[in-house]
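Let me begin by presenting the structure, written as structure tokens, before commenting on it.
The values are calculated or read from the model by the stated rules, or taken from the named source; none is laboratory data. The structure presented is a predicted model; accordingly, all values stated were derived computationally and were not measured. Glycine also receives a Cβ, built like all others from the backbone with ideal geometry; neighbour counts cover every protein chain displayed. Side chains included, ligands, DNA and RNA excluded: accessible areas come from the protein's heavy atoms. Shrake-Rupley method; radii C 1.70, N 1.55, O 1.52, S 1.80 Å.
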Amino acid sequence: MSGDLLQTKLYVPRLRPSFISRPQLSETLNVGLQAGCKLTLISAPAGFGKTTLVTEWLAGCARPSAWLSLDERDSDLPRFLTYLIAALQTLFPAIGKDVTAVLQAAPPPIESSLTTLLNEIGSVSDNFLLVLDDYHMVDAPDVDNALAFLLNHLPPQMHLVITTREDPNLPLARLRVRGQLTELRAADLRFSLDETAVFLNQMMGLTISKQDIAALEARTEGWIAGLQLAALSMQGHPDDLASFIHTFSGSHRFVLDYLVEEVLQQQPESVQRFLLQTAVLNQMTGPLCDALTGKDNSQAILESLERANLFLVPLDNDRRWYRYHHLFADLLRQRLHQRTAASDIADLNIQASQWYEANGLELEAFHHAAAAHDIERAARLIEGEGLPLYFRGEATAVRHWLASLSEAEFKARPALWVTYASVLTMTGRLHDNIEEILQAAEAALPDPALDDKTADLHGQIAANRAMLGIVKNDVESIITQSQRALKLLHPDNAPMRTTTTWTLGYAYQIQGKRAAAKAAYAETIAQSQKTGNIMNEIAATTCVGQIREADNEAHQAAETFQRILKMMGDPPWPAACEACVGLARIHYQWNDLETAEQYGLQGLELARQLENVDTPAACGVLLARVKLAQGEAAGALAALAETERFVRQHHFDHWVGAITAVRIQTFLQQGNLTAAAQLAETHNLPLSLARVKLAQGDPTAALAALEPARQQAEANNWADERLQVLVLLTLAYDMAGDMETAVKCLSEALALAAPGGLVRLFVDEGPPMAALLQEAGRRGMAPVFAQQVLEAFGATAVAPPPTAQPLPDPLSERELEVLKLLATSLTGPEIARELMISLNTMRTHTRNIYSKLGVNSRLTAVRRTEELNLL
């Protein structure tokens with residue numbers, strides 16, 4: 001979004017040559033800064049010189065400073081934080097870049113983003129100030145909460161300065177008690193009698209007696225804006241100053257209305273017209289004002305207004321951009337609406353919108369089009385050039401504008417319904433009536449075959465329905481709608497096509513079509529990296545890690561999940577919750593229960609910050625398994641009960657099976673065979689049913705339940721399912737008295753589990769599996785990994801009987817271990833990792849093996865081994 005930011009909001013205002021220096025107030029601010037206060041608050045009504053004072057203070061302050069001028073649109077929290085980071089980047093260009101990218105997520109992960117930003121601020125070496133000017137323009141509790149969070153955890157390098165017309169909703173009392181707050185208020189900012197005299201007689205060029213100055217100071221109570229307006233008015237009454245001062249009275253608002261009337265009437269007609277025509281602008285530059293006035297002298301007028309002290313504030317050092325004093329702007333707009341037809345005001349906004357668009361400022365162009373109620377223009381600007389505004393951090397503003405439109409306006413332009421649904425989906429408003437909106441759009445749109453634009457709109461409808469299907473876990477709907485979307489979406493609609501490719505991959509993953517899912521994710525990652533869509537890239541990469549985990553590639557999956565955490569900063573964003581629970585499952589299988597629990601709890605904490613995600617269920621199931629492995633069956637059942645409540649509340653019914661499976665294992669560990677059997681009979685869970693049958697001493701029924709599961713896993717190439725089935729088949733055949741088949745199944749299971757170090761699959765099956773592993777050790781099957789599993793049981797493997805080697809120089813025990821693994825499909829690095837040796841050591845053993853066997857390749861070594869029956 002950085003290219004769309006209005007840079008003038010980040011400029012420190014220039015001091016006027018004629019400003020009144022106020023060293024005593026600057027010294028007060030310096031004292032607070034040196035005392036280590038976190039916050040400087042300058043709170044006073046309009047016209048008390050708050051901004052001018054801070055600008056003077058910064059000019060003499062040794063610390064570097066960043067500036068942000070706020071307006072009402074900064075009430076949108078992602079926009080506020082994006083601009084705040086942009087202000088910080090004027091001092092530290094690299095700060096917050098990753099946070100800015102993730103603020104475009106739906107919904108954005110605020111707390112983790114703020115934490116990441118605070119950590120980055122804490123890493124800078126220089127002390128600095130950040131000024132938030134006109135904070136009263138922001139009216140949003142979530143912005144207040146975010147700023148309070150920043151203040152509570154503010155690193156000592158940063159000092160925050162806020163100017164405002166009213167006290168912000170921040171923990172001021174706590175800061176005040178702790179001595180962390182410096183305050184200046186209206187009573188501090190009022191001009192003294194001496195300052196009033198200097199201002200009127202020297203700065204404004206008047207000649208007023210001390211008595212009249214005292215009277216005017218008393219009537220204005222040192223209110224700087226009132227004094228300025230009084231001086232401007234008196235410049236038009238040079239012969240009757242005493243009379244003017246004598247009759248001058250009233251409240252600030254009354255005085256201001258009266259004096260603005262006086263000031264405006266003294267201006268030439270052309271200047272009055274200029275002021276009213278440009279009142280619709282938040283910022284002004286000569287060419288922009290020319291577009292509204294139809295003249296070519298706007299820059300000269302702006303400069304003359306500045307010289308006349310007519311409430312014009314320069315925004316940059318080159319005197320190219322200006323704004324009106326907020327108080328003056330409010331009154332000009334009020335006067336504009338009183339004296340100008342609504343259609344003429346709309347025309348001014350349209351001219352402003354056209355100028356902004358022509359100069360590449362689409363966000364400002366949209367806001368003026370919306371102010372003009374030019375729906376066609378606003379809608380076109382929302383779509384943008386290739387990347388819609390709602391993909392560039394303006395989703396909330398766009399949503400608010402769309403929500404303000406009448407049903408008739410939507411019916412006249414059905415494309416707006418599609419945009420509205422997309423924005424609601426983007427901002428995580430999935431509980432809104434999105435499907436009703438999509439149906440209305442679909443009914444109003446012509447056939448997609450009409451033209452490419454209509455087809456693309458129908459494609460966007462399908463893409464939104466695919467996203468809704470994910471929340472409901474409706475696989476068929478996701479696939480149908482994703483495929484329809486990709487067929488209809490325009491090739492240039494990269495943001496929507498990339499998102500839809502991810503939804504399609506997600507559906508394939510749920511179906512178990514892992515190859516198709518991986519292909520979809522690879523395309524998503526490639527397109528996301530091209531367009532800088534970090535959230536789609538993270539989502540797809542997370543799913544790739546899950547597939548690697550399902551393929552028993554635990555080490556590769558862990559590396560993928562760790563890479564995601566690195567991408568998301570420290571602490572990670574909430575979207576990292578799936579990577580955390582993935583790491584938790586892997587560490588569980590590695591029998592590292594403590595780390596598994598830590599990752600599970602971290603994932604649960606992150607997931608609770610998101611809406612419409614089922615990750616808390618995944619975390620709950622994992623944590624229950626950890627409790628069960630730690631011998632805390634009651635704790636496991638409590639975790640499952642809490643997880644089940646979450647699942648029922650959010651209608652994530654697809655998690656019921658996983659919860660039930662762990663509950664059955666828990667009942668079996670408790671010896672509650674009746675409860676386990678009842679659950680197994682009422683759910684379609686073949687593996688759980690097999691466990692119950694084994695517990696009942698019925699291996700035939702267990703085998704009957706497992707064989708179809710084995711066939712399905714092998715047919716679909718589901719490595720994880722196949723491994724789980726093989727482990728249970730081992731126990732079933734052993735119980736049936738078929739030791740040879742049991743050992744064969746165990747050998748296959750060990751070969752599948754060894755590369756990933758998947759220990760808990762065996763340990764969770766208890767003492768019968770330990771006895772079988774002892775037998776595997778006697779037969780020399782996967783000796784290293786079998787020993788590792790037995791150590792997790794607390795047992796020791798039985799060494800296999802020595803085998804006579806018909807070699808002049810027999811192979812050592814370690815060389816035999818390497819040779820066994822050379823006969824598998826493991827790569828060299830995987831063999832080294834399995835044996836827990838370095839890659840160089842593994843290569844040395846391999847060279848020795850080749851030398852002793854008289855071969856020069858791995859393939860011939862395996863053949864020679866078979867010929868000699870060495871294994």
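Could you compute the FRET efficiency for Lys295 and Gln265, with r as their C-beta to C-beta distance and R0 at 22 Å, rounded to 0.05?
Numbers: r = 22 Å, r/R0 = 0.98.
FRET efficiency, Lys295 to Gln265: 0.55.
Tell me the relative contact order for the range 549-675 as a rounded percent, counting alpha carbon contacts under 8 Å between residues six or more apart. Write out the running numbers ahead of the final one.
Values: 148 pairs, mean separation 21.4, N = 127.
This gives 17 percent for the range 549-675.
Measuring from label point to label point, each 7 Å out along Cα→Cβ, what is the Glu436 to His400 span in nm?
If labels sit at Glu436 and His400, their model points lie 2.4 nm apart.
If you count only protein heavy atoms with a 1.4 Å probe, what accessible area per residue comes out for the chain, rounded to a whole Å²? Don't skip to the end; give the middle numbers.
Numbers: 36860 Å² over 871 residues.
Ligands and nucleic acids excluded, the result is 42 Å² per residue.
Among the aspartates and glutamates, select those whose C-alpha is under 13 Å from the C-alpha of Lys453, and discard any that sit fewer than 8 residues away in the same chain.
Straight-line reach from Lys453, under 13 Å: Glu383, Asp492.
Length gain on complete extension for the stretch Glu559 to Asp592, per 0.36 nm per residue less the alpha carbon to alpha carbon distance?
Contour length minus the Cα-Cα distance gives 10.2 nm.
With +1 on the Cβ of every Lys and Arg and -1 on the Cβ of every Asp and Glu, and nothing else charged, how large is the dipole of the range 29-139 about its Cα centre, in debye rounded to the nearest 20?
Working: 6 positive and 12 negative charges, 53 e Å.
So the dipole magnitude of the range 29-139 works out to roughly 260 debye.
Which of the listed residues, Gly794, Leu637, Val143, is farthest toward the dipole's positive end in the chain, when Lys, Arg count +1 and Asp, Glu count -1 at the beta-carbon?
Checking the options against the dipole of the chain, the answer is Gly794.
I'd like to know which of Ala379, Thr660, Trp355 lies farthest towards the positive end of the charge dipole of the chain, counting +1 on Cβ of Lys and Arg and -1 on Cβ of Asp and Glu.
Thr660
At 0.36 nm per residue, minus the direct Cα-Cα distance, what do Ala704 and Ala173 gain on full extension? Give it in nm, one decimal, please. Provide the component values of the computation, followed by the final result.
Working: separation 531, 0.36 × 531 = 191.16 nm, distance 7.08 nm.
My answer for the length gained is 184.1 nm.
Let me know the charge dipole size of the chain about its Cα centre in debye, to the nearest 20, where only the beta-carbon of Lys, Arg (+1) and Asp, Glu (-1) is charged.
Values: 72 positive and 101 negative charges, 292 e Å.
Computed charge dipole of the chain: roughly 1400 debye.
If you take semi-axes √(5λ) of the Cα gyration tensor in Å from the coordinates, which of (i) 68, 41, 26; (ii) 71, 31, 24; (iii) 69, 41, 22 do you get?
Derived directly from the coordinates: (ii).
Efficiency by 1/(1 + (r/R0)^6): what FRET value for Glu681 and Ala526, r their Cβ-Cβ distance, R0 = 56 Å, to the nearest 0.05? Write down the numbers at each step before the final one.
Details: r = 48 Å, r/R0 = 0.85.
Computed FRET efficiency for Glu681 and Ala526: 0.75.
Can you tell me, using C-alpha contacts under 8 Å and at least 6 residues apart, the relative contact order of the chain as a whole percent?
Details: 1212 pairs, mean separation 59.8, N = 871.
Dividing the mean separation by the residue count of the chain yields 7 percent.
Figure the gain on full extension for Asp720 and Thr340 (residue separation times 0.36 nm, minus the Cα-Cα span) and round it to one decimal in nm.
Values: separation 380, 0.36 × 380 = 136.80 nm, distance 7.29 nm.
Separation in residues times 0.36 nm, less the Cα-Cα distance, equals 129.5 nm.
Sequence neighbours fewer than 8 away in the same chain don't count; with that in mind, list the lysines whose C-alpha is under 25 Å from Lys97.
Straight-line reach from Lys97, under 25 Å: Lys9, Lys38, Lys530, Lys566.
Round to a whole angstrom and tell me the spacing of the C-alpha centers of the range 705-768 and the range 1-80.
The range 705-768 and the range 1-80 have Cα centres separated by 68 Å.
Only four residue types carry charge here, +1 at the Cβ of Lys and Arg and -1 at the Cβ of Asp and Glu. Report the dipole size of the range 179-247 about the Cα centre in Debye, rounded to the nearest 20. Each step should come with its number before you reach the end.
Working: 4 positive and 9 negative charges, 13 e Å.
That gives the range 179-247 a dipole magnitude of about 60 debye.
In nm, to one decimal, how far is the Ser857 label point from the Leu15 one, both placed 7 Å along Cα→Cβ?
According to this spin-label approximation, the distance is 8.2 nm.
In what order, largest first, do Ile510, Ile208 sit by accessible area if the probe radius is 1.4 Å? Mind dumping the intermediate values first?
Values: Ile510 70, Ile208 15 Å².
Solvent-accessible surface, decreasing: Ile510, Ile208.
With a 1.4 Å probe and all protein chains left in place, how much of the accessible area of the range 292-388 comes from carbon and sulfur atoms, in whole percent? Intermediate values should be presented prior to the final figure.
On the way: 1980 of 4300 Å².
Solvent-exposed carbon and sulfur of the range 292-388 make up 46 percent of the total.
What are the lysines whose alpha-carbon lies under 28 Å from the alpha-carbon of Lys472, with same-chain residues fewer than 8 places away excluded?
Lys487, Lys513, Lys518
Could you let me know the centre-to-centre spacing of the range 84-98 and the range 475-553, using Cα atoms, in angstrom?
The range 84-98 and the range 475-553 have Cα centres spaced 32 Å from each other.
Report the one residue of Ala329, Asn282, Phe311 whose Cα lies farthest in the direction of the positive end of the charge dipole of the range 264-339 (charges on C-beta: Lys and Arg +1, Asp and Glu -1; origin at the Cα centre).
Of the candidates, Ala329 comes out farthest on the positive side.
For the range 269-374, run through the GluC sites (Glu not before Pro) and keep only the ones in DSSP coil with at most 10 other Cβ atoms within 10 Å of their Cβ. It would help to have the intermediate numbers written out before the result.
Details: sites: Glu269, Glu303, Glu306, Glu357, Glu362, Glu364; in loops: none.
Answer by residue number: there is no such site.
Note down the relative contact order for the range 491-618 as a percent, whole number, built from C-alpha pairs under 8 angstrom at least six residues apart.
15 percent
Okay, helix-only estimate at 222 nm for the chain: each DSSP H run of n ≥ 4 adds -39500 (n - 2.57), divide by all residues, round to 500 deg cm²/dmol; what do you get?
Numbers: 47 runs with 561 residues, N = 871.
Helix contribution divided over all residues of the chain: -20000 deg cm²/dmol.
Taking 7 Å along the Cα-to-C-beta vector as the label spot, tell me the His654-Ser304 distance in nanometres, rounded to one decimal.
According to this spin-label approximation, the distance is 7.0 nm.
Across all directions of projection, what mean area in square nanometres is found for the Cα convex hull of the range 404-493? Walk me through the numbers before you get to the answer.
Working: hull surface 23.3 nm².
Taking the Cα atoms of the range 404-493, their convex hull projects to 5.8 nm² on average.
Could you please state how large a percent of the accessible area of the range 590-723 is carbon and sulfur, counting protein chains only and using a 1.4 Å probe?
On the way: 3020 of 6320 Å².
Carbon-and-sulfur percentage of accessible area, whole number: 48.
To the nearest 0.05, what FRET efficiency results for Asn30 and Gln669 with a Förster distance of 51 Å applied to their C-beta separation? Working shown, then result.
Values: r = 68 Å, r/R0 = 1.33.
Step by step, r from the Cβ atoms, then E = 0.15.
Taking the alpha-carbon centroid of each part, what is the distance from the range 283-322 to the range 435-453 in angstrom?
Measuring centre to centre over Cα atoms gives 46 Å.
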